[in-house]
Amino acid sequence: MKVRDVVYAVGRSGYFNKDLAATKAGAKPNGTILEGKPLTPGYTTIVQPGFIISVMLVLDDGQVAIGECADVIFSGLAGRDPLFVPQEHLPLLETAIRPWLVGREIDTFRTNAEEIDRLEINGKRLHTALRYGLTQALLSAAALAGKVTIAEVISREYGASIRSSVVDILASCHRGDQLQLDRMIIKRVPILPHASFTTVGDLGPQGNVLVDYARSISARIREIGAADYKPRIHLDVYGTIGELIGSDPGALAAYLGRVAEAARPFELMIETPFIARSRQEQIDLFKATRAALKDRGIKVGLIADEWCNTLDDIRVFADAAACDYVQIKTPDLGGVNNSIEAVLYCKSKGMGCCLGGTANETDLSARICAQIGLATGPDFMLSKPGIGADEGVMILSNEMSRTIALVAHRGRSAG
């Protein structure tokens, strides 16, 4: 089957883009906005609405395969591509990408995805957001052509086994929303609450606010959760612990131990405790901090995000056994073929991984990622789009449950 035509549409993402450099430089909070001048190129304000491009492939038989181009919240930072502005990319999609797509055979995914992901126009690769959406559309097209689920396409082309149960989900919650946290506890989500700490001021004097917050999460789970509910507590701190403590592994381990003690009896996971000046420095500091934690008998799952943006980055982190988990931030990797390979590579190296992404995606990209998760088996997935938690958990869970049921039904029918 071939692509007969291509249609593009600009739409909204599930959240915002934020200039993290300006945020960390002391921009003044005013409700949802941050007052001050943006510091990262491409931003017109520090907080601005996120936008996406829907790529719709009209196939020979009239079916339409869709993928959506989106970038992460904090784009333009730590090696990431610049802020994604759809109007800047539509001319390229019309003049260069449309001819590449129209007439293309789409019965298989991997070869097409690798080709578009490597494609260079005037010596430059496509923006990661474009590669993300275009490969989603090609993956969806291969599934439509074969009359199978996306998970089955991945299983067939990458030799992966489809899970028979849903992947654990990290419910991404607003730090100040107690009712949202309660709903996630009642729903027994496996991991919570993410709860971003984006500036060193968020941690409070001597980091006491973060410690107290971990203690309050633990207390609330024990207060209203079922007796057998044992979630993991996950906190994303965007490098702020390093800003507060410095880069001494012993001091970092000692502070992380305080947070872990506050989270007891639940397991603690900390994402991006520090942001170094380079990828190698980030790896070295992760390894040294893990060693310091082990020496002190402190159990904290350390997760890498910043400086771990591409498939090559993830392979280097995994080869170095730098941390406990990497966050495979799907839009940052460009083509979804890279996210597929990243999960499979981490598993081959015994490295934990989160098939993550960003609140700044869409329901459609989240559903495609849910199927990728079923086919590749990451340790957990991030709820998305948005930071409403309820909606993201629902979208991912239901997509996985439907796919599991369809695959099982097809197996019974074939038998």
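The values are calculated or read from the model by the stated rules, or taken from the named source; none is laboratory data. Quick caveat: nothing in here was measured; it's all calculated off a predicted structure. Using ideal geometry, Cβ is built from the backbone for each residue, glycine included, and neighbour counts are taken over all protein chains shown.
So which residues in the range 186-225 are in contact (Cβ under 8 Å) with a residue 40 or more places away in the chain and either over 20 Å from residue 261 (Cα atoms) or of a type in the set (S, T, N, Q) (or both)?
Listed by number, the residues that qualify are 187, 188, 189, 196, 198, 199, 200, 218, 224.
Looking at residue 11, is it under 25 Å from residue 387 (Cα atoms), touching a residue at least 60 places away in the same chain (Cβ under 8 Å), surrounded by 14 or more Cβ atoms within 10 Å (Cβ to Cβ) and not β-branched (Val, Ile, Thr)?
On the way: under 25 Å from residue 387 (Cα atoms): yes; touching a residue at least 60 places away in the same chain (Cβ under 8 Å): yes; surrounded by 14 or more Cβ atoms within 10 Å (Cβ to Cβ): yes; not β-branched (Val, Ile, Thr): yes.
In short, yes.
Does any residue of the range 144-155 turn out to be in contact with a Phe, Trp or Tyr (Cβ under 6 Å, 6 or more places away or on another chain) and either buried (at least 18 other Cβ atoms within 10 Å of the Cβ) or of a type in the set (A, V, I, L, M, F, W, C) (or both)? Steps first, answer last, please.
Keep residues of the range 144-155 that are in contact with a Phe, Trp or Tyr (Cβ under 6 Å, 6 or more places away or on another chain), which gives 153.
Narrowing the set further to residues that are either buried (at least 18 other Cβ atoms within 10 Å of the Cβ) or of a type in the set (A, V, I, L, M, F, W, C) (or both) leaves 153.
Checked the range 144-155: at least one residue is in contact with a Phe, Trp or Tyr (Cβ under 6 Å, 6 or more places away or on another chain) and either buried (at least 18 other Cβ atoms within 10 Å of the Cβ) or of a type in the set (A, V, I, L, M, F, W, C) (or both).
With the range 291-405 as the region, which helices (runs of 4 or more DSSP H) entirely inside it contain at least 3 residues that are charged (D, E, K, R)?
Numbers: elements: 311-319, 336-348, 363-376.
Because the criterion is at least 3 residues that are charged (D, E, K, R), the helices (runs of 4 or more DSSP H) in the range 291-405 that meet it are 311-319.
Every residue in the range 252-276 that is more than 22 Å from the chain's Cα centre (by Cα) and either within 16 Å of residue 79 (Cβ to Cβ) or not in a loop (DSSP other than H, G, I, E, B) (or both), please.
Here is the first cut: in the range 252-276, the ones more than 22 Å from the chain's Cα centre (by Cα) are 252-266.
Result: 252, 253, 254, 255, 256, 257, 258, 259, 260, 261, 262, 263.
Of the residues 259, 237, only one is within 17 Å of residue 324 (Cβ to Cβ) and either touching an Asp or Glu at 6+ places or on another chain (Cβ under 9 Å) or at pLDDT below 95 (or both); which?
Numbers: 259 fails: either touching an Asp or Glu at 6+ places or on another chain (Cβ under 9 Å) or at pLDDT below 95 (or both).
Just a single option satisfies the conditions, and that option is 237.
Could you tell me which residue of the range 37-70 is farthest from residue 10 (Cα to Cα), considering only residues that are acidic (Asp, Glu) and out of contact with any Lys or Arg (no Cβ under 8 Å at 6 or more places or on another chain)? Let's see the steps before the verdict.
Of all residues in the range 37-70, those acidic (Asp, Glu) come to 60-61, 68.
Next, only the ones that are out of contact with any Lys or Arg (no Cβ under 8 Å at 6 or more places or on another chain) stay: 61, 68.
Values: 61: 25, 68: 9 Å.
Only one residue fits best here, namely 61.
Which numbered condition in (1) crowded, with 20+ Cβ neighbours inside 10 Å; (2) among the charged types (D, E, K, R); (3) within 20 Å of residue 151 (Cβ to Cβ) is the only one that residue 347 fails?
Unmet for residue 347, out of (1) crowded, with 20+ Cβ neighbours inside 10 Å; (2) among the charged types (D, E, K, R); (3) within 20 Å of residue 151 (Cβ to Cβ): (1).
Tally up the residues in the range 182-207 that are on the phi > 0 side of the Ramachandran plot and either part of a helix (DSSP H, G or I) or of a type outside the set (A, V, I, L, M) (or both), please.
Of all residues in the range 182-207, those on the phi > 0 side of the Ramachandran plot come to 188, 194-195, 204, 206-207.
Of the ones still in play, those that are also either part of a helix (DSSP H, G or I) or of a type outside the set (A, V, I, L, M) (or both) are 188, 194, 204, 206-207.
Looking only at that region, the number is 5.
With free of Cβ contacts under 8 Å to residues at least 60 places away in the same chain, of a type in the set (A, V, I, L, M) and outside any helix (DSSP H, G or I) as the only criterion, which of 235, 179 stands out?
Of the residues listed, the single one that is free of Cβ contacts under 8 Å to residues at least 60 places away in the same chain, of a type in the set (A, V, I, L, M) and outside any helix (DSSP H, G or I) is 235.
Could you go through the range 11-25 and let me know if any residue there is at pLDDT 95 or above and aromatic (Phe, Trp, Tyr).
Yes: one or more hits.
When you go through 108, 95 one by one, which is the residue that is out of contact with any helix residue (DSSP H, G or I) (no Cβ under 8 Å at 6 or more places or on another chain) and either surrounded by fewer than 17 Cβ atoms within 10 Å (Cβ to Cβ) or among the hydroxyl-bearing types (Ser, Thr, Tyr) (or both)?
Exactly one residue qualifies, and that residue is 95.
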